[in-house]
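The values are calculated or read from the model by the stated rules, or taken from the named source; none is laboratory data. The model shown is predicted, which means the values in this text are computed figures rather than measured ones. Virtual Cβ from ideal backbone geometry, glycine too; neighbours counted across all protein chains shown.
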Amino acid sequence: MGAVYVANALGAALGIQSDVAPAVAAALGMTGVETLSIDAGGAAGGLAVRQAMLAVAAGAHEAVLVVGVEKVSDVLDERRESALALTTDTDWEAAHGVTLTAQWAMLMRRYMHEYAVAAADFAPFPVNAHANAVPNKAALYRFAISADKLKSAGMIAAPLGLLDCSTVADGAAAVVITAHPDAQAGRRVRIVASTVASDVVALHDRADLLDLQGVRTGFARALAQANISRDAIDVADMSDPHGIAAVLSLEAMGYAARGTGVMLGQTGAITPSGSIPLALSGGCKARGDVMGALGVYQVVEMTAQLRGTAPTQVPGARVALTQCMSGIGNSVVTHILQGEE
Amino acid sequence: MELARHWRLRNARYRLEGSQHRQHGQIVFPPREGRDWQPFPLSGKGTVLTYSEIHQAPLGHEGEVPYLVAMIELAEGPRVTAQLTDCDAAEVHIGMAVEMVTRLLGDTGVDGLLLYGYKFRPEL
């Protein structure tokens, strides 16, 4: 193992620990190894995977260990909200008391207004996430919820209620990226596409509020790299802290026309037996929103799907999509993974 | 929020001063630096594009919940994110006409210095 790359979004932002990678390496008995800490909010995990892949592809290392880790349960809600709000434009958004959740809520309100949909129309997304998390021993909430229960939940940032808001959670995941020909023969998962795309940070400065440009651009580049169409993707996991996040991503990726992404929830397309199964491990809502660790969790979870060993398995899954983002898609990391034949 | 950081932005925060491009006339907010841009006083009039009522607040806003935040399209074109004041959630709607007022945004913490800036209220 030539290097240890560690993704951690909130350690420094919460004033707990910065530059965590050397500490992780030391704990593993690997002191002296090359280390890299990445703190790009919810995109950190995906960026760490990508940087490891690039280092291996460049021949700098034969193998790189990628760790995603988040520890948020040490602090109270207000400090956590402030740390999360650092991925907004802090002078022009967070300074006015705006939170990341409130930003998603404002996009949801605008979406409801433009396309005449109700808050309840987003319910299938958290309902699906919770149902999928039940068999997942690594999930935070292993219980189902109903659309009725969602309606009666208290507000976090209206129109987003408690049951359509992810819980930021502790968590850790690790993967090894290597090009070694003998590694894990028969169980290997190949990264067939890896992209990063960025967007304007301040939401009010985006020309089209409901277009997640980073998702759209990054996904288009990923499909081109992998030389596949979107229909070839069997399973997916995305930054989905709220139904609106999944809806806007699905529209940006072309799975639904503008204003119709909510229908993918209502028709069951996002469920394990649907055409684009999402949140198979519980998503950010029920697995837990592990922030900087998310992109690494996704690779672990999708690897299980491609090996046929996931707790909520889509039979015969061959191609998987992972997508994680900082803020409202400020940095978006997209990977497409393929299992071995 | 720190005092120095707030003070550098005082013209924008206290009187919603944007910038106008000297050649093309384009009006922007937040203001831009550089010789192509000159200060431009915005009218403070605008309409609500979207809004949210925050119940789970960040540090420094714990005592204010619930409070309203909105994205506002200013009459001159630029958009701005700010709190809504002098109204409650039931009154607010997309398209509502609002105007800028200068109000208390928060303080510097232990120093206790008060920081003022723009909020928006229903147009009188």
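Residue count for segment B:10-45, restricted to those that are under 25 Å from B:G106 (Cα atoms) and among the acidic types (D, E): 1.
Which fully enclosed strands (runs of 3 or more DSSP E) of segment B:28-88 have 2 or more residues being over 14 Å from the mean Cα position of the chain (by Cα), at the interface with chain A (Cβ under 7 Å from one of its Cβ atoms) and modelled with pLDDT of 95 or more?
B:45-54
Here is a yes/no grid of residues against (1) within 22 Å of A:V333 (Cβ to Cβ); (2) polar (S, T, N, Q); (3) modelled with pLDDT of 95 or more; (4) touching a Gly at 6+ places or on another chain (Cβ under 7 Å):
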position	(1), (2), (3), (4)
A:E34	yes, no, yes, yes
A:G46	yes, no, yes, yes
A:M53	yes, no, yes, no
A:A58	yes, no, yes, no
A:V64	yes, no, yes, yes
A:E70	yes, no, yes, yes
A:S73	no, yes, no, no
A:L76	no, no, no, no
A:T87	yes, yes, no, yes
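Filtered by the rule that a residue be assigned to a loop (DSSP other than H, G, I, E, B), within 22 Å of A:G295 (Cα to Cα), among the hydrophobic types (A, V, I, L, M, F, W, C) and more than 14 Å from every other protein chain (Cβ to nearest Cβ), segment A:184-233 gives A:L212, A:I228, A:I233.
I'd like to check something: does segment A:132-140 contain any residue that is in contact with a Leu (Cβ under 6 Å, 6 or more places away or on another chain), more than 8 Å from chain B (Cβ to nearest Cβ) and not charged (D, E, K, R)? Yes, segment A:132-140 contains at least one residue that is in contact with a Leu (Cβ under 6 Å, 6 or more places away or on another chain), more than 8 Å from chain B (Cβ to nearest Cβ) and not charged (D, E, K, R). Of the residues making up segment A:224-239, just one is among the aliphatic types (A, V, I, L, M) and free of Cβ contacts under 8 Å to residues at least 60 places away in the same chain, namely A:A224. For segment A:116-127, state whether one or more residues are surrounded by fewer than 18 Cβ atoms within 10 Å (Cβ to Cβ) and assigned to a loop (DSSP other than H, G, I, E, B). Within segment A:116-127, one or more residues are surrounded by fewer than 18 Cβ atoms within 10 Å (Cβ to Cβ) and assigned to a loop (DSSP other than H, G, I, E, B). Checking each residue in segment A:274-324 for being under 12 Å from the mean Cα position of the chain (by Cα) and of a type in the set (K, R) picks out A:K285, A:R287. Among residues of segment A:188-214 being among the hydrophobic types (A, V, I, L, M, F, W, C) and closer than 21 Å to A:V300 by Cα, the one that is nearest to the chain's Cα centre (by Cα) is A:V196.
When we screen A:L150, A:L160, A:L100, A:L107 for residues that are at pLDDT below 95, in contact with a helix residue (DSSP H, G or I) (Cβ under 9 Å, 6 or more places away or on another chain) and surrounded by 18 or more Cβ atoms within 10 Å (Cβ to Cβ), the only hit is A:L150. Residue count for segment B:93-116 satisfying the condition of being out of contact with any Gly (no Cβ under 9 Å at 6 or more places or on another chain) and assigned to a strand (DSSP E or B): 1.
Any residue in segment A:180-187 that is surrounded by 15 or more Cβ atoms within 10 Å (Cβ to Cβ) and either over 28 Å from A:A52 (Cβ atoms) or over 19 Å from the mean Cα position of the chain (by Cα) (or both)? Within segment A:180-187, not a single residue is surrounded by 15 or more Cβ atoms within 10 Å (Cβ to Cβ) and either over 28 Å from A:A52 (Cβ atoms) or over 19 Å from the mean Cα position of the chain (by Cα) (or both). Mind counting the residues in segment A:22-44 that are part of a loop (DSSP other than H, G, I, E, B), farther than 19 Å from A:V176 by Cβ and among the small types (G, A, S)? Residues flagged as part of a loop (DSSP other than H, G, I, E, B), farther than 19 Å from A:V176 by Cβ and among the small types (G, A, S) within segment A:22-44 amount to 1.
For segment A:84-93, the criterion of being crowded, with 20+ Cβ neighbours inside 10 Å, over 22 Å from the mean Cα position of the chain (by Cα) and not in a loop (DSSP other than H, G, I, E, B) is met by no residue.
Only one residue in A:W92, A:W104 is facing another protein chain (nearest Cβ under 7 Å) and of a type in the set (F, W, Y). Which one? One residue alone meets the criteria, A:W92.
Return yes when A:A44 is over 30 Å from B:L9 (Cβ atoms) and more than 14 Å from every other protein chain (Cβ to nearest Cβ) and no when it is not.
No: the conditions fail for A:A44.
Taken over segment A:63-111, the residue count meeting the criterion of being in contact with a strand residue (DSSP E or B) (Cβ under 8 Å, 6 or more places away or on another chain) and without any contact (Cβ under 8 Å) to a residue 12 or more places away in the chain is 3. Each residue in segment A:206-223 was checked for being surrounded by fewer than 24 Cβ atoms within 10 Å (Cβ to Cβ) and touching a residue at least 12 places away in the same chain (Cβ under 8 Å), and 8 pass. Within segment A:243-257, residues that are farther than 12 Å from A:P126 by Cβ reach partners that are surrounded by fewer than 24 Cβ atoms within 10 Å (Cβ to Cβ) and of a type in the set (V, I, T) with beta carbons closer than 6 Å, at six or more positions or on different chains, in the pairs A:Y255/A:I276.
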